[in-house]
Each structure stands twice: as structure tokens, then as C-alpha cells.
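These notes concern the structure reproduced below.
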């Protein structure tokens, strides 16, 4: 009897992941090479001040990307390319082919609901995967794949969790501890068991306002469910807000994706969306901005009123960036635009739950970054009432 062909045959194994991008068996990756050739820059042309219309056309045989306008310029810039960029681009090349290789992606078989008596450690990716009973991550490549997907929900979850990797007095300020402690009173109800048996669920919902939502708004719901599983007693409502939160022609909407997880999508600017919310509560509401680019000149004017509205709520605001330089650029803009209007909650620090997979700028292959590499947090300033005996009755 003739064996049936596999429905999804493996295109190539782990030893044959490298391909020249423009000759890749994957149409999507050939298209990627075409984008570089159409919009990219030749670094040697740029260094020599030559015509920047000379686009990358020569494929590097070691990383597979079109990196220079000609073979001559490739060898002129080879030392720089080899030292700083080639290995990184080859890793990205192989990772992207692995994702499309047709092999069984065991690392994406995520665990579901955890028991109330199970303890999760959020110290870092390794401890999280181990204590949450994820499939064994037997390679750095698997770690890169999974962290790329989970960096958004876990960047939030780590700050709310009782095993948060950041320490009070080091990264977390006094005001930060106050804000996080307020949220944890909802996330960790005092009595987890009722009559010694049944879990005690919260009726109060944690609202997470994700401003300027882009990639995080397109993640499948089962990725965001990993956040819910960390806090099985508490319902979550994620608000994806911003011009890119919805695909073209989609209308704002709310949907229940799980009994304890609701999504709302709205493509309004946040300062407009803000007016539709009846009230905010620092015990149940927080904001997250994933790599918003607040400090970029083109984006700064539109972010200013949105940040002002978020600060008015006195709820925590956490912000990530692609690098230390990226977040320092954002911090500088916020400090200038909202001087004396906020308290620090989380000092700028490397995000333990950053993506371990690099993203590459196809318009300039020299620029690569890790999503959510760094993180910081603020909140609208609270003014404590001070008793003045001189004005007492």
C-alpha cells in the first residue's frame, strides 16, 4: 500500500536553512529581498557621497541579503559588513526560513490554564518557561521564536506579577511600588479559596490601555491568553487604541475571546478615545505603550495630548523601546512636554521579557533591534496633603 504524502511536508531541515534571500523557496522572503533592492541603501555609496539611487543589488553570499549596489562596493565594504552586520543578518535569514520550513513547531505548543496552587517565577524567560511548563526550549532559535510572540503579554505580566524581576529601591521607585501594590490587591485577592474548596474569582476587571497599538493588536488571542493564565482569578480587558490598531475598513469593536478576556479595538487617537471612558481607577487601570517613538519629531505633536490625558488618570504608564537610546529619546521628549507633571514608577532598565529575536530595517540593513528591549514607567503626579499647624483652628 502506498503511503500517503504528508499534508505539510518539511521543505528543509535544520542543516539547510540558509538561502540567498532573492533565491529563497519562500515567496514572502523573495519579496523581502525585492523590498531591500527597491528601497534600501548601499553603505559604500552613502560613505562616498555617491548617488543614493544606486540600490543594493549584490547578494552577500554569507548572510544572503542584498547588501551593496555592486560586487565592487561589496568588497570595498566587506570588513565593516563582516564585523558588524553579516552574522546578525544570517541569523535572521535562518530564523525566518525555519519558521516557514514546515517542521513541527513544538515550541509553539503553549500551556493552558494553570492551577491556583502552581507557582510561576517571572525572573526571566528561562524561569518563566520552566515554571509555566512550556515545551523544552532546546535551542536559542526556539527561544527567539517564542519570545518574539510573547514579549507583549509578558512585558505586562512581569510588572503585575508577585515575582516581578525588578526590585524596589533599585528599578522600582516608592511611587512605583504604591501603584503596583494597588493593582495587586485586585490581582491577588486575599482569600483564594471559598469554603476551603472553590477558587474565589474577582468581579473587578483589570483594564489595560495599549496606546499606539500596532503588532500587538494583530497577535492571535491565544498569545494574549498567556497573560490571563498568570492571574486566573482576574478578568482582563485589553483596549488596543491607535490609528494602526485596526486593519483598513475594519470598524471599532469589542469582542469576548475568553470568559476572562475581552478585546476592544479602536483606531482613534488616544486623547479622543479617552473621552469615551467614564472613569479611571489606579487599582484597576494601567497604560502600556510599546515602542511608541514619542521623541521622533513627526510623532511627538500627536503623542503630547495623549500622554497628557493618560497622566491625568493617575494610573501607571509603562513604555518600552527598541534600545536604551530609543527610550532616552522618548524620556527627553516627555520630560520637556510634561515637566513636573509625573512621578517615576520604573527607572529605565533592560526589559527581562524583551524579544530575543532581532528585527531588521529593510530600508537600511545596518539597523537591527529587539522589540521591547528597554522599559520605563511613570504616573501623573500625586500631591500629598500636608498638615500645616500654623493654619489650624
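The values are calculated or read from the model by the stated rules, or taken from the named source; none is laboratory data. Values in this document were obtained by computation on a predicted structure and should not be read as measured data. Here Cβ is always computed from backbone atoms with ideal geometry, including for glycine, and neighbour counts include all displayed protein chains.
Numbers at a glance
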quantity: Flag for residue 151 being within 30 Å of residue 379 (Cβ to Cβ), more than 20 Å from the chain's Cα centre (by Cα) and buried (at least 17 other Cβ atoms within 10 Å of the Cβ); calculated: no
quantity: When residues of the stretch 122-135 are limited to those that are part of a helix (DSSP H, G or I) and touching a residue at least 24 places away in the same chain (Cβ under 8 Å), the one surrounded by the most Cβ atoms within 10 Å (Cβ to Cβ); calculated: 128
quantity: Filtered residues of the stretch 169-180 (kept if out of contact with any strand residue (DSSP E or B) (no Cβ under 6 Å at 6 or more places or on another chain) and in a helix (DSSP H, G or I)); calculated: 174, 178, 180
quantity: Flag for residue 154 being at pLDDT 80 or above, in a helix (DSSP H, G or I) and within 16 Å of residue 288 (Cα to Cα); calculated: yes
quantity: Counted residues, the stretch 136-151 - those being farther than 21 Å from residue 208 by Cβ and in a helix (DSSP H, G or I); calculated: 7
quantity: Of all residues making up the stretch 250-272, the number that are touching a residue at least 12 places away in the same chain (Cβ under 8 Å), over 15 Å from residue 208 (Cβ atoms) and assigned to a strand (DSSP E or B); calculated: 1
quantity: Those residues of the stretch 286-330 which are touching a strand residue (DSSP E or B) at 6+ places or on another chain (Cβ under 6 Å), within 19 Å of residue 355 (Cα to Cα) and touching a residue at least 60 places away in the same chain (Cβ under 8 Å), in sequence order; calculated: 288, 289, 290, 291, 318, 320
quantity: Residue within the stretch 105-117 that is in the same structural domain as residue 161 (by TED's automatic domain parsing) and part of a helix (DSSP H, G or I) present; calculated: no
quantity: Leading residue by the ranking (farthest from residue 179 (Cα to Cα)) among those in the stretch 322-349 that are outside any helix (DSSP H, G or I) and in contact with a helix residue (DSSP H, G or I) (Cβ under 8 Å, 6 or more places away or on another chain); calculated: 338
quantity: Only listed residue being outside any loop (DSSP other than H, G, I, E, B) and either in the same structural domain as residue 171 (by TED's automatic domain parsing) or on the phi > 0 side of the Ramachandran plot (or both), chosen from 292, 301; calculated: 301
quantity: Helices (runs of 4 or more DSSP H) wholly inside the stretch 44-99 containing at least 1 residues that are surrounded by fewer than 17 Cβ atoms within 10 Å (Cβ to Cβ) and touching a strand residue (DSSP E or B) at 6+ places or on another chain (Cβ under 7 Å); calculated: 71-76, 86-99
quantity: Residue in the stretch 199-212 that is at pLDDT 95 or above, surrounded by 14 or more Cβ atoms within 10 Å (Cβ to Cβ) and farther than 25 Å from residue 344 by Cβ present; calculated: yes
quantity: Residue tally, condition under 22 Å from the mean Cα position of the chain (by Cα), over 19 Å from residue 156 (Cα atoms) and at pLDDT below 95, over the stretch 254-287; calculated: 0
quantity: Any hit, the stretch 118-138, residues being farther than 19 Å from residue 157 by Cα and outside the structural domain of residue 362 (by TED's automatic domain parsing); calculated: no
quantity: Filter pass, residue 166 being within 18 Å of residue 374 (Cβ to Cβ), in a loop (DSSP other than H, G, I, E, B), at pLDDT 95 or above and in the same structural domain as residue 310 (by TED's automatic domain parsing); calculated: yes
